[in-house]
Amino acid sequence: NEVLKAVVAQYNAEELLTKRDQVSEKIRANLTKRARDYNFIIEDVAITHLQFGVEFSRAIEQKQVAEQEAERAKYVVLKSDQERKAAIVKAEGESESARLISEATRQAGTGLIELRRIEAAKEIAASLGKSRNVSYLPSGNNMLFGINPSQ
């Protein structure tokens, strides 16, 4: 018992958990020396169960919870940083797309815009055509019949 107390007193609680093999070896060596005087042979010593006080156990648990919360916060920061970078890349892509469309419209005329209007009109007509509760009655200058605004 004295040998055990003397060896354990050389380590803090965290080291008792992390350096269990080293602590066991030191206890075995010291016990072997003392047991020789009484003709005992000690072959092995293993620390199988460590029990700490309630306050210490609570402190360890709180430390673990704090570490987990710190990791979670780090993950949230990394995730928001990735989302920010993705939004920037998306905005840059949309900006480049708008620039290219503007440039193409300047060079080739309004054909692309007319094509997009026709495609949109077709999608709207298909959507309205599938619905039994909606009736579409054109009047005036609407999108389906007013495709060419210059007329």
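Counting only residues that are part of a loop (DSSP other than H, G, I, E, B) and under 40 Å from the mean Cα position of the chain (by Cα), how many does the stretch 1-50 have?
Going through the stretch 1-50 one residue at a time, the tally reaches 8.
Could you check, for the stretch 71-90, whether at least one of its residues is surrounded by 11 or more Cβ atoms within 10 Å (Cβ to Cβ) and hydrophobic (A, V, I, L, M, F, W, C)?
Step one: list which residues in the stretch 71-90 are surrounded by 11 or more Cβ atoms within 10 Å (Cβ to Cβ), which gives none.
No, because not a single residue in the stretch 71-90 is surrounded by 11 or more Cβ atoms within 10 Å (Cβ to Cβ) and hydrophobic (A, V, I, L, M, F, W, C).
Quick one: would you say Ile60 is among the hydrophobic types (A, V, I, L, M, F, W, C) and over 25 Å from Glu14 (Cα atoms)?
Details: among the hydrophobic types (A, V, I, L, M, F, W, C): yes; over 25 Å from Glu14 (Cα atoms): no.
For Ile60, the condition - among the hydrophobic types (A, V, I, L, M, F, W, C) and over 25 Å from Glu14 (Cα atoms) - is not met.
Name the residues in the stretch 21-44 that are open to solvent by 80 Å² or more (accessible area, probe 1.4 Å) and either touching a residue at least 24 places away in the same chain (Cβ under 8 Å) or at positive phi (or both), would you?
Passing the criteria: Arg34, Asn39.
Mind checking which residues of the stretch 5-17 are of a type outside the set (A, V, I, L, M, F, W, C) and surrounded by fewer than 12 Cβ atoms within 10 Å (Cβ to Cβ)?
Correct list: Lys5, Gln10, Asn12, Glu14.
The values are calculated or read from the model by the stated rules, or taken from the named source; none is laboratory data. Bear in mind that the values here come from a model prediction, so they are computed numbers and not experimental data. Note: ideal-geometry Cβ built from the backbone for every residue, glycine included; neighbour counts use all protein chains shown. These area figures cover heavy atoms from the full protein model, side chains too; ligands, DNA and RNA do not enter into them. Shrake-Rupley method; radii C 1.70, N 1.55, O 1.52, S 1.80 Å.
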